[in-house]
Amino acid sequence: MIRQYKQEDSELVLDIWLQASTKAHDFVAAEFWGSQVSNMREIYIPASKTYVFEIDGDVIGFYSLYENLLAAIFVSPEHQGQGVGKQLMAHAKEQCLELTLNVYKDNEATYKFYLSQGFEVDNEHICEHTGCAEYAMSIHM
């Protein structure tokens, strides 16, 4: 079930974000992701419209929209590859006429996932926070 985020989901969402970020972005020091937890808790999640994927009362994934930017979409590592990300993406696409996102160039699996979901590369740039190459991508519904 996909439902709107509630404050009591905070620690589960942050845990999923940190685990999945560290796994997917092994080319960035794990300490960087750990240093961003407070910003996620205090700035990014509150500023975004967030939805969670819940099974039997357990939150196993989420996505966050900031206007038409898909700022985050993460599934707990133990639930990846089971279609949860596709369901979250389908739900996100229903929220906007256009979606944009950024994905690290070295995060090949996620980049390919976005391509499979109909996103196209708009440009390549350097992430100001990590210094890593990113693709800016978009899709029009």
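How much accessible area does Ser38 have with a 1.4 Å probe, in Å² rounded to the nearest 10?
My reading of the accessible area for Ser38 is about 60 Å².
Report relative contact order for the chain in percent, whole number only (criteria: Cα-Cα under 8 Å, sequence separation at least 6).
20
Expressed as a fraction of 2.2 N^0.38 Å, the rule-of-thumb size for a compact globular protein of N residues, what is the C-alpha radius of gyration of region 36-113?
Numbers: Rg = 12.6 Å, N = 78, 2.2 N^0.38 = 11.5 Å.
Against the compact-globule rule of thumb, the ratio is 1.09.
Which part of region 71-93 falls in the paramagnetic zone of Glu120, meaning amide N under 17 Å from the point 7 Å along Cα-to-beta-carbon?
none
Give me the distance in nm between label points sitting 7 Å out from Cα along the Cα-to-Cβ direction at Lys93 and His140, one decimal.
Using points 7 Å along Cα→Cβ, the separation is 1.6 nm.
Mind checking the per residue accessible area of the chain for me, 1.4 Å probe, whole number of Å²?
Details: 7680 Å² over 141 residues.
Per residue, the chain has 54 Å² of solvent-accessible surface.
Ignoring everything but the protein chains, give the 1.4 Å probe accessible area of Glu54 in square angstrom, nearest 10.
So the heavy atoms of Glu54 present about 40 Å² to solvent.
Taking a 1.4 Å probe, which of Met1, Met40, Met141 shows the most accessible area, and what order do the others take after it? Present the calculation step by step, with values, prior to reporting the outcome.
Numbers: Met1 120, Met40 20, Met141 100 Å².
The ordering from most to least exposed comes out as Met1, Met141, Met40.
The values are calculated or read from the model by the stated rules, or taken from the named source; none is laboratory data. The structure displayed is predicted, hence computed values, not measured ones. Reconstructed Cβ throughout: ideal geometry from the backbone, glycine too, with neighbour counts over all protein chains shown. Note: accessible area is taken over every heavy atom of the protein model, side chains too, but ligands, DNA and RNA are not part of it. Shrake-Rupley method; radii C 1.70, N 1.55, O 1.52, S 1.80 Å.
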